[in-house]
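Visitor: There's a structure below that I have some questions on.
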Amino acid sequence: MNSTEAEEIPPKKVIRSHDAILKAAIAEFAERGVDGARIEAIARQAKFNKSLIYRYFNDKQGLFEAALQRKLEERNDSVEKIPKEISEVLQFYVKENMRDQNYVRVLLNEAQQNQGEPLIDNAWRREYYQNHIDRLKQSQAEGDISDEFDPVCLMLIFTALVFFPATLPQLAQLISGHKVDSDEFQVLWNNCLLALTRLMQPS
């Protein structure tokens, strides 16, 4: 497809092709990482010419940034579903991370390739986490969590807890003796989360 043909694509088809390319790109980046991903494979999976990918996203880095942004937007759409009770919030995010492995893997790819450059959507993502910190502060004000804990440190701890099973499933299995997608591990991990949140409640 040449540039003239690309310009003549109807708006609805642009949206469909854009979405198909991003879906294929997310899967490719999650599976092979940024360095191992191939534009040809993404184009083949999306069923569009690779010249269209370059037209939309300029290069592989631009495509990766768009793919990560799409996953962040999807995660943000789930904010309204977050429960209020802290242990339920942690269980919610553990399930979300286990359900959407591509989100976790794309984040890991971002961490591996970043050399100190500004993060994609940095301001929006900082606000996203600040909102969670504010929720923790509100829980402390309402007496659900002890105010002895720094809310920023709590956010770091909680983030580590909800990502661990999805990011290091082999270690979780070695330690627990169960695969992370098994009912046995889910019960064990949920009990751990419940016990930890009880310890954080005021005496």
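Visitor: Note down all Cβ pairs under 6 Å where the first residue falls in the range 62-75 and is of a type in the set (K, R), the second is surrounded by 16 or more Cβ atoms within 10 Å (Cβ to Cβ), and they're at least six residues apart or on different chains.
Guide: As it stands, the answer is R70/L22; K71/Y103; K71/V106, since those pairs meet every condition given.
Visitor: Consider R125 carefully, then state whether it is of a type outside the set (F, W, Y), assigned to a helix (DSSP H, G or I) and closer than 30 Å to L194 by Cβ.
Guide: Yes, satisfied.
Visitor: Mind telling me which of the residues I86, I82 ends up being more than 13 Å from the chain's Cα centre (by Cα), of a type in the set (A, V, I, L, M, F, W, C) and crowded, with 16+ Cβ neighbours inside 10 Å?
Guide: Values: I82 fails: crowded, with 16+ Cβ neighbours inside 10 Å.
It is I86.
Visitor: Somewhere in the range 75-86, is a residue in a helix (DSSP H, G or I) and touching a Leu at 6+ places or on another chain (Cβ under 9 Å)?
Guide: The answer is yes; a qualifying residue exists.
Visitor: Right, A37: touching a Lys or Arg at 6+ places or on another chain (Cβ under 6 Å) and under 19 Å from A111 (Cβ atoms) or not? Walk me through it before giving the result.
Guide: On the way: touching a Lys or Arg at 6+ places or on another chain (Cβ under 6 Å): no; under 19 Å from A111 (Cβ atoms): yes.
No, not satisfied.
Condition check ((1) in contact with a helix residue (DSSP H, G or I) (Cβ under 7 Å, 6 or more places away or on another chain); (2) of a type in the set (A, V, I, L, M, F, W, C); (3) at negative phi) across all residues:
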residue: A27; (1), (2), (3): yes, yes, yes
residue: E31; (1), (2), (3): no, no, yes
residue: V34; (1), (2), (3): yes, yes, yes
residue: R44; (1), (2), (3): no, no, yes
residue: L52; (1), (2), (3): yes, yes, yes
residue: N58; (1), (2), (3): no, no, no
residue: G62; (1), (2), (3): no, no, yes
residue: E65; (1), (2), (3): no, no, yes
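Visitor: If we scan the range 109-117, do we find a residue that is within 11 Å of the chain's Cα centre (by Cα), buried (at least 16 other Cβ atoms within 10 Å of the Cβ) and closer than 24 Å to S182 by Cα?
Guide: No, the range 109-117 contains no residue that is within 11 Å of the chain's Cα centre (by Cα), buried (at least 16 other Cβ atoms within 10 Å of the Cβ) and closer than 24 Å to S182 by Cα.
Visitor: Could you say whether any residue in the range 14-26 is touching a Pro at 6+ places or on another chain (Cβ under 9 Å), surrounded by 14 or more Cβ atoms within 10 Å (Cβ to Cβ), closer than 23 Å to A166 by Cα and at pLDDT 90 or above?
Guide: Scanning the range 14-26, I find no residue that is touching a Pro at 6+ places or on another chain (Cβ under 9 Å), surrounded by 14 or more Cβ atoms within 10 Å (Cβ to Cβ), closer than 23 Å to A166 by Cα and at pLDDT 90 or above, so the answer is no.
Visitor: Same structure, new question: Look through D181, D100, D147, D134 and report the one residue that is at pLDDT below 95, out of contact with any Asp or Glu (no Cβ under 8 Å at 6 or more places or on another chain) and either of a type in the set (F, W, Y) or under 21 Å from E74 (Cβ atoms) (or both).
Guide: Within the list D181, D100, D147, D134, the selection yields D181.
Visitor: If a residue has to be modelled with pLDDT under 90 and either touching a Pro at 6+ places or on another chain (Cβ under 8 Å) or of a type outside the set (A, V, I, L, M, F, W, C) (or both) to count, how many in the range 61-91 make the cut?
Guide: Counting residues in the range 61-91 that are modelled with pLDDT under 90 and either touching a Pro at 6+ places or on another chain (Cβ under 8 Å) or of a type outside the set (A, V, I, L, M, F, W, C) (or both) gives 19.
Visitor: Of I175, I157, which residue is among the hydrophobic types (A, V, I, L, M, F, W, C) and closer than 16 Å to S87 by Cβ?
Guide: I157
Visitor: If you don't mind, another one. Based on this model, can you work out whether I120 counts as in a loop (DSSP other than H, G, I, E, B) and either of a type in the set (A, V, I, L, M, F, W, C) or surrounded by 14 or more Cβ atoms within 10 Å (Cβ to Cβ) (or both)?
Guide: yes
Visitor: I'm checking my understanding of the structure. Among residues of the range 128-155 that are among the hydrophobic types (A, V, I, L, M, F, W, C) and assigned to a loop (DSSP other than H, G, I, E, B), which one is surrounded by the fewest Cβ atoms within 10 Å (Cβ to Cβ)?
Guide: Restricting attention to the range 128-155, the residues satisfying the condition of being among the hydrophobic types (A, V, I, L, M, F, W, C) are 133, 136, 141, 145, 149, 152-155.
Okay, now just the ones that are also assigned to a loop (DSSP other than H, G, I, E, B), so 145, 149.
Numbers: I145: 20, F149: 13.
My answer is F149.
Visitor: Pairs needed: first member in the range 169-188, more than 12 Å from K95 (Cα to Cα); second member anywhere, among the hydrophobic types (A, V, I, L, M, F, W, C) and part of a loop (DSSP other than H, G, I, E, B); C-beta distance under 6 Å; at least 6 residues apart or different chains.
Guide: Sorted first by the residue in the range 169-188, then by its partner, the pairs are P169/V180; A172/V180.
The values are calculated or read from the model by the stated rules, or taken from the named source; none is laboratory data. Please read these numbers as outputs of a predicted model, since none were measured by experiment. Virtual Cβ from ideal backbone geometry, glycine too; neighbours counted across all protein chains shown.
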